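What follows is a short report on a single structure.
The values are calculated or read from the model by the stated rules, or taken from the named source; none is laboratory data. Because the structure is a prediction, the values reported are computed rather than measured. Glycine also receives a Cβ, built like all others from the backbone with ideal geometry; neighbour counts cover every protein chain displayed. Surface accessibility is based on the protein's heavy atoms, side chains included, excluding ligands, DNA and RNA. Shrake-Rupley method; radii C 1.70, N 1.55, O 1.52, S 1.80 Å.
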Amino acid sequence: TASLTTALGLVLGPMAFAKFFAPLSLLLLGLCAWGCFRQWRLSAPACLLGALAAVLNSGWFSGSCWGVGSQMLATGMGFLALAALAGVVPGEAAVEPVARGAWQRWARVVLAGLALGMAVLEGADIGGLMSVVVAAFALWQGWTGPGTLGRKLATGTARVALMAVVALLLASQGVFSLVQTNVTHVAGMQQ
C-alpha cells in the first residue's frame, strides 16, 4: 500500500529503516501534535509541551520502540486531521489572519479526510478509531456553528460525509486488503 511506512522503507532501505523507524514515527507524531495545538492557538510553550507529552506518552513511546511505529503515524494523522478542521467554523480565525471563504473551509475538510485515509492505511483499527473521534468532533463543530438547527445538522453531516468519502478513496486499497485477508479468506467464512 502507498503509506508513509512504505515510503520510509523505500527511502531508507532495510537497515536504516530498522534503526530509524521508531524515532522518525515519534518525530512525525510530535510534529503533527504540535501543528494541531498551534492551529488551536495555544501558546508556543503549551504547543511544545503538548507535543512532548504526545511523543513521550508511555503507550505510544513503548509501542514505537516495540516496532509498531505505524500506530504512532496513524495517531499523528489524527492530530493532523484535527488541525485541518481547526479553521472550518465561519468567523473563527486560525493562526493566520487571512479570512477564509467557504471553499477554503471545505478544502480543509478534504485535507482532514486525506489525513484520516492515511491514518487508516497506517494503523488499520487505530486509524478507524481515530476516524470516529475526528468525525464526532466534526459533528460537534457543525452543531456549535452558526445557523438554524437544520443547517447545523446538515453542515456537520456533510463534513463527515465528505471526510469519509475522501478517506475511503485514499485508503481503499488498504481496506480491500484487510477485508480479503481478515474476512474473506478466513476458515469458516464461506458459509
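Tabulated results
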item: Every residue from region 3-39 that is open to solvent by less than 50 Å² (accessible area, probe 1.4 Å) and touching a residue at least 60 places away in the same chain (Cβ under 8 Å); result: Ser3, Thr5
item: Any hit, region 78-90, residues being modelled with pLDDT under 90, of a type outside the set (Val, Ile, Thr) and open to solvent by 30 Å² or more (accessible area, probe 1.4 Å); result: yes
item: In region 119-132, the residues that are surrounded by 14 or more Cβ atoms within 10 Å (Cβ to Cβ) and either β-branched (Val, Ile, Thr) or farther than 30 Å from Phe21 by Cα (or both); result: Val120, Ile126
item: Matching residues, region 63-77, being over 22 Å from Ala136 (Cβ atoms) and either modelled with pLDDT of 85 or more or open to solvent by less than 50 Å² (accessible area, probe 1.4 Å) (or both); result: Gly63, Ser64, Gly69, Ser70
item: Residues being at pLDDT below 75 and open to solvent by less than 90 Å² (accessible area, probe 1.4 Å) - total across region 137-180; result: 6
item: Ala46 closer than 24 Å to Leu111 by Cβ, part of a helix (DSSP H, G or I) and open to solvent by 30 Å² or more (accessible area, probe 1.4 Å); result: yes
